[in-house]
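The values are calculated or read from the model by the stated rules, or taken from the named source; none is laboratory data. Everything numeric in this text was worked out from a predicted model, so none of it was measured. FYI the Cβ positions are ideal-geometry reconstructions off the backbone, even for glycines, and counts take in every protein chain you see.
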Amino acid sequence: MARTTLGIVMNGVTGRMGYRQHLVRSILALREQGGLQLADGRVLWPEPVLVGRNADKLEALATRHGLEHFTTDLSAALADPANQIYFDAQLTPLREAAVQQAIAAGKHIYVEKPTASSLAGALELARSADAAGVKHGVVQDKLFLPGLLKLKRLVDAGFFGRILSVRGEFGYWVFEGDWQSAQRPSWNYRSADGGGIVLDMFPHWQYVLEHIIAPVRSVYAQIATHIPERWDELGKPYQATADDAAYGVFELDGGIVAQINSSWAVRVHREELVEFQIDGTHGSAVAGLRECRFQSRAGTPKPVWNPDIPNTEPFRAQWQQVPDNGEFDNGFKLQWERFLQYVADERPDAAFAHDLWAGAKGVQLAELGLASAAEGRRIAVPELGRGA
């Protein structure tokens, strides 16, 4: 069985997301299963080249996982013809220049979102990649979560009838860092470092809404920095200059209204850290990371509001579980597999839907969301076609 080695320059793997989800649970997981089996009989063997700014951290990671290749010299890694893909999970302000450098070196591009700090930058990356003739993709992992896959199954089956509305709740309490360490890096709360929950989460909501329900046509957002002072990784206090909560209302095609709250200053009183509810004329469903529950029109109870007597309706018990009907792998790994198949010409006539143009739509929504919050008004989302 022929094995094809594919060098992947992985920049930013010393960070939480780059390390856990992309290196360990995706690329190393593929190696542990013997590589990626292609339809033509070949086995694709990913060979990661770890890149970052801290040589000691890179060496420690390479030693821990038995990897040979690591460097702080991005130019050298890109100059090696064995390396065909560039992956970027750096801080957002560092991404654009590094991706442009990789495009100029003729590498295929796969990046975390947001793809750039501004829509102009995101569009320029997409144009540059197309002009260079390289293949490109952006991480849109939430589409591959079991709960949302089940939700999409209901949508595709026509379960909801006419969809009326969507409600989303995301977030959890991120400790300030003084008496308990924070669960997220301090750069998330500094706007100069690319922080802010709008820039982080609105790109997610854009592709979730578009791919599962309908494209976004307008946005109204209210943002806040609820916790103005936090403590960094060294225990030093700093001023939080980025938004840590965003309350968005999105109008979708067909008049569907979506309301999504995103917050790092909320305590969880729901089944999972993120939940979406779709209500339609024929039924409703609530999906989290893994589970999805539904209630049909015929199975909907008829409650009556009466504040003078205790509630006797077991509302949660009146919903049914959507069955798994299959095995679910890690969402990041699944998308990595699809991108690697795309690069390997597994399906040469099929475009990769989650490309840099799709990533630009997410940056656009974040930018418009911030403008809406600043101006206190609803803003239309213009169509963003390829080559825009």
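Out of curiosity, is Gly387 at pLDDT below 95, surrounded by fewer than 21 Cβ atoms within 10 Å (Cβ to Cβ) and either hydroxyl-bearing (Ser, Thr, Tyr) or at positive phi (or both)?
Values: at pLDDT below 95: yes; surrounded by fewer than 21 Cβ atoms within 10 Å (Cβ to Cβ): yes; either hydroxyl-bearing (Ser, Thr, Tyr) or at positive phi (or both): yes.
Here the answer is yes, as Gly387 does meet what is asked.
If a residue counts only when it is surrounded by fewer than 20 Cβ atoms within 10 Å (Cβ to Cβ), which strands (runs of 3 or more DSSP E) contained entirely in region 1-95 have at least 2 such residues? Can you show your working first?
Numbers: elements: 3-11, 43-51, 83-88.
Ranges flagged: 3-11, 43-51.
Please go through region 201-216 and give me each residue that is buried (at least 22 other Cβ atoms within 10 Å of the Cβ) and assigned to a helix (DSSP H, G or I), ordered by number.
Once the filter is applied, which keeps residues that are buried (at least 22 other Cβ atoms within 10 Å of the Cβ) and assigned to a helix (DSSP H, G or I), region 201-216 yields Met201, Phe202, Pro203, His204, Trp205, Gln206, Tyr207, Val208, Leu209.
Every residue in region 99-122 that is touching a Gly at 6+ places or on another chain (Cβ under 9 Å) and in a helix (DSSP H, G or I), please.
Within region 99-122, the subset touching a Gly at 6+ places or on another chain (Cβ under 9 Å) is 106, 108-117, 122.
Across region 99-122, the qualifying residue is only Ala122.
Kindly indicate the residue of region 291-329 that is aromatic (Phe, Trp, Tyr) and part of a loop (DSSP other than H, G, I, E, B) and also surrounded by the most Cβ atoms within 10 Å (Cβ to Cβ) among those meeting that condition.
Here is the first cut: in region 291-329, the residues aromatic (Phe, Trp, Tyr) are 294, 305, 315, 319, 328.
Okay, now just the ones that are also part of a loop (DSSP other than H, G, I, E, B), so 305, 319, 328.
Numbers: Trp305: 5, Trp319: 16, Phe328: 14.
Of everything passing the filter in region 291-329, Trp319 is surrounded by the most Cβ atoms within 10 Å (Cβ to Cβ).
Take Asp308 and decide whether it is more than 30 Å from Val99 (Cα to Cα), assigned by TED's automatic domain parsing to the domain that holds Tyr247 and over 26 Å from the mean Cα position of the chain (by Cα). Before you say what the answer is, go through the steps one by one.
Working: more than 30 Å from Val99 (Cα to Cα): yes; assigned by TED's automatic domain parsing to the domain that holds Tyr247: yes; over 26 Å from the mean Cα position of the chain (by Cα): yes.
So Asp308 passes the test.
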